[in-house]
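Visitor: Would you mind keeping the following structure in view while I ask a few things?
The numbers here are math on the coordinates, done by the rules we state, and not lab data. This is a predicted model, so every value here is computed, not measured. Positions of Cβ are generated from backbone atoms using ideal geometry, with glycine treated the same way; all protein chains shown enter the neighbour counts.
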Amino acid sequence: MKHPEQLGKYPITGVIGEGAMGVVYKAFDPIIQRPVAIKTIRKHLVGEDLSGSSTADRFRNEAQAVGRMSHPNIVPIYEYGEDDDTAFIAMEYVDGRTLSKILAATPRLPEVDILKLMDQLLDALDCAHRHGVWHRDIKPANLMVTTAGQLKVTDFGIARIESQVLTQMTSTIGTPGYMAPEQYVGESVDHRVDVFAAGVLLYGMLVGQSPFRGSPEAVMYKVMNDEPVAPSRIDIAPRPAFYDSIVARAMAKKPQDRFASAALFRQALAKRVLPATDDESETTIIMAPPRAAAPPPADAHAPTVVMSAGSARTTTPLTGWDPQTLARVELALASFIGPVAKVLVRNAARFSTDLPSLAAKVCEHLGSDADRARFTAKLGATGTQALQHPANPSLPTGHHALTDEMVTQSRKVLTAHLGPIAGVLVKKAQAKAQSQEQFIALLAENATAGKEREKLIEALRRGS
């Protein structure tokens, strides 16, 4: 088909994917100066299905549902538009892969990755449910994961909005294997269908395959009648028994027997204490794609990356940080997000210059202003000011006010690395930063962790 050069105000720059009903384009927002994804449907190819709903209706519903929410793990929608031939949604462009592609390469992810993904998913679902929206089609293909390991929930096209009577959307819409029993039989549904689907996803990542497999008819029978084998009883590489009761409760046949909320599901997983590793600074980057192995870096402080199919582990010595300071931040964060706090704090510490900037960075993993305020209170107002990061050779030291010259030079450097969106990022960092070192750290967060980020930090320091 012939692709348009522009949709609305957005010039088309490429094709992300194409299906029978429409195309997803990569485009550019000329006003905000950022890349966007444009999801389209061709009106002349869609009509009403057997339930009385149309693809166009679901398309508008997606824009309406997501428009009610703002969450770091939900792909935001910027605009809905249509003309005589095409309806489109402009949304955030996510640089990453779907979880389905990741699992195709690595069916059994490391346990720390599973906990990190589930923590983000359940936090996003809790936000949606509190806004009266349930997704109804949670599955790996509808979950994007960025190159930094951030999960993004997308495709709310068949979401149910609690405050509206969407009679054209029956409860039988969904994906076999992830649909709850009540969806199969056409009963009324609520947010607990998402809890069920999240349980199926957790089971699949733990075991390496879906709990319900076969033809659509066989899958329906198993969902309605069978109890999957507990993850700890799988013959090959069993998982800890800790997960048995959690997946069983999440996938309970009756809604009232499941977790009453995504938040309670998340809290149950947060109780998992991972065994200690030989290297306490080890982190896992879920999204790092397979690539040819590179020779070890000459710099002893540079990250060592060991690549595998679909995942990579990055280990960097944490020089300059007081272990007690890091432990204090980890403990405060763990009370909100569980055992993954250790991984997140140590990853943030590599690119933070003092305790306030470290606290600001890890706060990004908390889903609400209230949680961020409580986290800061746990650290203590005096602690975030008095406990400073000792000298770090990779970043400038000392607190100095930002100068116009530094801001201008930083904008030029960031533009060379990231393109026209740099201007927006510099303004955001300038508004948050209380020192030059924090300003550089905030800008560096926009680069992929590792050598790319280190090069950007060095360039920002030089101003060229």
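Visitor: Please compute the alpha carbon radius of gyration of the range 96-270, then divide it by the globular-protein estimate 2.2 N^0.38 Å. Two decimals is fine.
Guide: So the range 96-270 has a normalised radius of gyration of 0.97.
Visitor: Mind giving me the nanometre distance, one decimal, between the label points for T408 and D235, set 7 Å out from Cα along Cα→Cβ?
Guide: According to this spin-label approximation, the distance is 7.2 nm.
Visitor: Also, I was wondering about something else. Hey, if you put +1 on the Cβ of every Lys and Arg and -1 on every Asp and Glu Cβ in the range 96-270, which of I234, A148, A260 ends up farthest toward the positive end of that dipole?
Guide: Towards the positive end, the residue furthest out is A148.
Visitor: Determine the gain in length on full extension of the stretch S335-L274; use 0.36 nm per residue of separation and subtract their C-alpha separation, reporting nm with one decimal. Mind showing how you got there, number by number?
Guide: Values: separation 61, 0.36 × 61 = 21.96 nm, distance 1.49 nm.
Separation in residues times 0.36 nm, less the Cα-Cα distance, equals 20.5 nm.
Visitor: With r defined as the distance between the Cβ atoms of E364 and V15 and R0 fixed at 30 Å, what FRET efficiency is calculated, to the nearest 0.05?
Guide: For R0 = 30 Å, the calculated efficiency reads 0.45.
Visitor: Could I ask something else about it? Between A373 and S100, what is the label-point separation in nm under the 7 Å Cα-to-beta-carbon projection?
Guide: Distance between the two pseudo-spin positions: 4.2 nm.
Visitor: For an R0 of 51 angstrom, estimate the FRET efficiency from the Cβ-Cβ distance between E458 and R42 and round to the nearest 0.05.
Guide: Rounded to the nearest 0.05, the efficiency is 0.60.
Visitor: Okay, next question. How far apart, in nanometres, would the label points at K2 and Q324 be if each is projected 7 angstrom from Cα along the Cα-to-Cβ direction?
Guide: 7.3
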